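Here is the structure we will look at, set down as structure tokens.
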Amino acid sequence: MLKNLDPLLNADILHALRSMGHGDELVICDANFPADSVARGTVLGRPLRLDGVGSPRAIRAVLSVLPLDTFIEHPASRMEVVGEPHTIPAVQREAQAEVNAGEGREVPFVGIERFAFYERARQAYCVIATGEERGYGCFVFTKGVLLAPDAPRA
């Protein structure tokens, strides 16, 4: 165990998060997402796993150490419900609460159509597959920076 680290963050996930640079993206997906085949196209080339954990809880763990990008308009995205792009399922509302809490500010999700989401996910740094059983528990996050206290802010 390590102090001040969420126990869900295993060595593989911590290594991937630390290896990512500013602007790199990561996917947190539900159990129905084709994580293995999509992850083969990512920088990491294989999925990371958080089985038995829902997407909102995985988001809380990841955002406890990963800053979101403040230099872009939408550092957090969600997969849209097919045929109902404005519908926000419970899993996405719960995830939104975790993002806002983790960032200490409102960071609204932007929707991405399902097949466009798959394509974007293939370009990500990594895919973290959860055990989320509810549909549409799939999200993309863009990594930001941690600036020194005297550095210019966005």
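The values are calculated or read from the model by the stated rules, or taken from the named source; none is laboratory data. Keep in mind that what you see is a predicted model, and the values were worked out from it rather than measured. For neighbour counting, all protein chains shown are included, and Cβ atoms are generated from backbone atoms with ideal geometry for every residue, glycine included.
Assessment of the stretch 57-65 against the conditions (assigned to a loop (DSSP other than H, G, I, E, B) and under 22 Å from Asp12 (Cα atoms)) yields at least one matching residue.
Does Arg134 fit the bill of being surrounded by 12 or more Cβ atoms within 10 Å (Cβ to Cβ), touching a Gly at 6+ places or on another chain (Cβ under 8 Å) and more than 26 Å from Ala11 (Cα to Cα)?
Values: surrounded by 12 or more Cβ atoms within 10 Å (Cβ to Cβ): yes; touching a Gly at 6+ places or on another chain (Cβ under 8 Å): yes; more than 26 Å from Ala11 (Cα to Cα): yes.
Answer is yes for this residue.
Every condition in (1) among the charged types (D, E, K, R); (2) in a helix (DSSP H, G or I); (3) in contact (Cβ under 8 Å) with a residue 60 or more places away in the chain is met by Arg78 except one, and the failing one is (2). Could you tell me how many of the residues in the stretch 43-61 are touching a Phe, Trp or Tyr at 6+ places or on another chain (Cβ under 8 Å) and surrounded by fewer than 22 Cβ atoms within 10 Å (Cβ to Cβ)? So the answer is 2.
Within the stretch 37-55, restricting attention to residues that are in a helix (DSSP H, G or I) and touching a residue at least 60 places away in the same chain (Cβ under 8 Å), which residue is nearest to the chain's Cα centre (by Cα)? Walk me through how you get there before you give the answer.
Of the residues in the stretch 37-55, the ones in a helix (DSSP H, G or I) are 37-39, 55.
Within this subset, residues satisfying the condition of being touching a residue at least 60 places away in the same chain (Cβ under 8 Å) are 38-39, 55.
Working: Val38: 15, Ala39: 14, Ser55: 9 Å.
So, considering only residues that are in a helix (DSSP H, G or I) and touching a residue at least 60 places away in the same chain (Cβ under 8 Å), the one nearest to the chain's Cα centre (by Cα) is Ser55.
Among the residues examined, Glu113 does not qualify as modelled with pLDDT of 95 or more, over 18 Å from Leu26 (Cβ atoms) and surrounded by fewer than 12 Cβ atoms within 10 Å (Cβ to Cβ).
Taken together, the residues in the stretch 68-97 that are more than 16 Å from Lys143 (Cα to Cα), crowded, with 16+ Cβ neighbours inside 10 Å and of a type in the set (D, E, K, R) amount to 2. Selection of the stretch 12-34 for residues being farther than 15 Å from Pro47 by Cβ and either in a helix (DSSP H, G or I) or of a type in the set (Phe, Trp, Tyr) (or both) yields Leu14, Arg18, Ser19. Restricting attention to the stretch 13-36 and to residues that are surrounded by 15 or more Cβ atoms within 10 Å (Cβ to Cβ) and either charged (D, E, K, R) or without any contact (Cβ under 8 Å) to a residue 24 or more places away in the chain (or both), the residue that is nearest to Ala121 (Cα to Cα) turns out to be Glu25.
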